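Have a look at the structure below, then the notes.
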Amino acid sequence: MSDSLTATYHTLDFNLLSPEKFEHFCFWLADDCGEYKEVQYYSGSGDKGRDVIGCTFDGDLDYFQCKRYASLNYGILKEELDRIANHVKKGKIKKPRRIYFVLSSSLSPDAKDKLRSYAGTVDLPEPDFWDPVVLDKKIKNNSQALKNFFNISDQTEEDYPQVDVDGLIA
């Protein structure tokens, strides 16, 4: 395989953002997707597992849990599902239509499968995962977010901060 096939594609390193900036970035992505009547930034102590909340035009809620970690595993995200489920069960928050885990690092396929299965056992919807490859596609379609969060404008992809995702990117 020729190196020229991968020479111009690089995944941004989302761990370069501070944890707070990563949450702001997640808010931007949710707000810019056009799916919500309102997007609320909830991060911080007492967020009940909801860093960002997307309120749909039908009144449903989607919860975004942002995780800027160098390494992620099943246990970290299972705790977040448990926290959301506990607050729903106690009536402190509404059961979400969707749960998004917005991740700065990759999560194994096995962990994703386990989390999807586990969510059903605690009466939550199967979570979706926005990992670095998904985030990379979303941000590269949003020039304002590229400029605001990575200070990138009018550059080629070779100039972007890079990360090797699972050894797939040259």
Simple spin-label estimate for Asp113 and Arg83 in nanometres, 7 Å along Cα-Cβ: 2.8
Which of Lys37/Lys92; Lys37/Lys112; Lys112/Lys137; Lys48/Lys112 exceed 24 Å between C-alpha atoms? The answer is Lys37/Lys112
Label Gln144 and Tyr74 with points 7 Å out from Cα along Cα→Cβ: what is the distance between them in nm? 4.1
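Over region 24-106, what relative contact order in percent results from Cα pairs under 8 Å that are six or more residues apart?
28
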Consider a paramagnetic label point 7 Å from the Cα of Lys90 along Cα→Cβ; state which residues of region 55-72 have an amide N under 16 Å from it. none
With unit charges on the beta carbons (Lys and Arg positive, Asp and Glu negative) and the dipole taken about the Cα centre of region 19-71, which residue among Leu61, Gly44, Phe27 sits farthest to the positive side? Gly44
With label points built 7 Å along Cα→Cβ from the Cα atoms of Asn15 and Val122, find their separation and express it in nm. 2.5
Positive-end residue, region 75-150 charge dipole about Cα centroid, Cβ charges, pick of His87, Ser106, Gly75: His87
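Whole number in Å², please: accessible area per residue of region 17-162, 1.4 Å probe, ligands, DNA and RNA not counted.
Result: 51 Å² per residue.
The values are calculated or read from the model by the stated rules, or taken from the named source; none is laboratory data. In this text the structure is predicted, and so the values were computed from the model without any measurement. All Cβ positions, glycine included, derive from the backbone under ideal geometry; neighbour counts span all protein chains shown. All accessible areas refer to the heavy atoms of the entire protein, side chains included, with ligands and DNA or RNA removed. Shrake-Rupley method; radii C 1.70, N 1.55, O 1.52, S 1.80 Å.
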